[in-house]
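Enquirer: Sharing a structure here in structure tokens format.
What follows is calculated from the coordinates using simple rules that are stated; it is not laboratory data. From a predicted model like this one, the values you see are computed outputs, not experimental measurements. Using ideal geometry, Cβ is built from the backbone for each residue, glycine included, and neighbour counts are taken over all protein chains shown.
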Amino acid sequence: MMKVVDSISRMSTLVKMLKKEGKSVGLVPTMGYLHEGHLSLVRTAKKHTDVAVISIFVNPAQFGPGEDFDKYPRDFKRDEELARSAGADILFYPSVKDMYPKGYSTYVNVEALTDTLCGVSRPGHFRGVTTVVAKLFGIVKPDVAYFGQKDAQQAIVIKKMAEDLNMGIEVKALPTVREQDGLAMSSRNVYLSNGERQDAMSLSQALARAEALVKQGERDPGKLIKAMEEIIQKKPSARIDYVSIVDTTGLKPMDKITGEILVALAVFIGKTRLIDNVIIKVDSKDDKSKFAKKGAQ
Ligand code: AMP
């Protein structure tokens, strides 16, 4: 039976009991309006740890002014059913008042990694994310925490936070779950009109194009970015926030495609800001053989 826990103190007591029993705890932090992306994380947590905890908290600290905090989709009853069906043992559902009581004044900030990609267009966003995740880690004390590759920068930032602050928590990033046509699942997809839903496919299409071009031997990030931008710009409701190619550790732009690269993009489809990404591994042996072939011509 899944337990629903809506207070921090009850959650802490429960965790203390579980730890005493020697149980391992897996945590999946979410903002709710659950979909298969979230549920795949819960299933993995359930497989790898004794107790799978899913948290649902729409975190005001990670939304900027003018962003969609107020209208972010919420449906607790539906989420409760879905979490239960995915095998969650505990659903932690704290209130904003409990998480940020009057006088709250402590924030966690990961430097450098948050200055690029989504950090540029959403100042303060990652500070809100790392703060709430640090709090959830402090309350739930998980052995392992599960995040989605869909939010690639977020997963990298949280890994860094856990490491830098010696939290002793293993942070895992799991593959992006997609709709049949390639669109990455997101709670925000519900905002899209029918026409916008069509245009939204251009994000994953652009990433697929980049992958294909790299496979064909393209090693110039500028050319890949241009090819992706062209696909997205064709869509009437699309406005590009960024299309970037960075390394997967420092998130720094690359001047040549080599090793492991993160191709990441953020696009407004109408008023809805969507993100997607893919990691491409370029075999250095591949590079050499291509170079050798060219040289022989
Ligand atoms: P959110 O509720 O959007 O804050 O997401 C909660 C967690 O689910 C984060 O770790 C996300 O990266 C992850 N997530 C969201 N969408 C997907 C998806 N399509 N596939 C895999 N993980 C996802």
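So that you can scan it fast, the table gives a plain yes or no per residue for (1) surrounded by 14 or more Cβ atoms within 10 Å (Cβ to Cβ); (2) within 16 Å of the ligand (Cβ to nearest atom):
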site: Met17; (1), (2): no, no
site: Ala52; (1), (2): yes, yes
site: Gln62; (1), (2): yes, yes
site: Pro73; (1), (2): yes, yes
site: Leu91; (1), (2): yes, yes
site: Tyr100; (1), (2): yes, no
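Enquirer: Something else now. Restrict the check to the stretch 263-270 and report whether at least one residue is β-branched (Val, Ile, Thr) and part of a helix (DSSP H, G or I).
Expert: Within the stretch 263-270, not a single residue is β-branched (Val, Ile, Thr) and part of a helix (DSSP H, G or I).
Enquirer: Which residues, counting only those in the stretch 20-32, are within 7 Å of the ligand (Cβ to nearest atom) and in a loop (DSSP other than H, G, I, E, B)?
Expert: Met31, Gly32
Enquirer: Something else about it: Restricting attention to helices (runs of 4 or more DSSP H) lying wholly within the stretch 60-138, give those where 2 or more residues are at positive phi.
Expert: It comes to none.
Enquirer: Residue by residue through the stretch 67-99, note down the ones that are without any contact (Cβ under 8 Å) to a residue 60 or more places away in the chain and not charged (D, E, K, R).
Expert: Of everything in the stretch 67-99, those that are without any contact (Cβ under 8 Å) to a residue 60 or more places away in the chain and not charged (D, E, K, R) turn out to be Phe69, Phe76, Leu82, Ser85, Ala86, Gly87, Val96.
Enquirer: Can you spot a residue in the stretch 161-170 that is within 13 Å of the ligand (Cβ to nearest atom), out of contact with any Leu (no Cβ under 9 Å at 6 or more places or on another chain), aliphatic (A, V, I, L, M) and part of a helix (DSSP H, G or I)?
Expert: To start, the set of residues in the stretch 161-170 that are within 13 Å of the ligand (Cβ to nearest atom) comprises none.
Checked the stretch 161-170: no residue is within 13 Å of the ligand (Cβ to nearest atom), out of contact with any Leu (no Cβ under 9 Å at 6 or more places or on another chain), aliphatic (A, V, I, L, M) and part of a helix (DSSP H, G or I).
Enquirer: So, in the stretch 171-210, exactly how many residues are surrounded by fewer than 14 Cβ atoms within 10 Å (Cβ to Cβ) and more than 10 Å from the ligand (Cβ to nearest atom)?
Expert: Going residue by residue through the stretch 171-210, those that are surrounded by fewer than 14 Cβ atoms within 10 Å (Cβ to Cβ) are 175, 180-181, 190, 193-195.
Okay, now just the ones that are also more than 10 Å from the ligand (Cβ to nearest atom), so 180-181, 190, 193-195.
Adding up the residues that qualify gives 6.
Enquirer: Are there any pairs, at least 6 apart or on different chains, whose C-beta atoms fall under 7 Å, with the first in the stretch 187-212 and more than 13 Å from Leu224 (Cα to Cα) and touching a residue at least 60 places away in the same chain (Cβ under 8 Å) and the second part of a helix (DSSP H, G or I) and within 16 Å of the ligand (Cβ to nearest atom), and if so, which?
Expert: Leu192/Ala200
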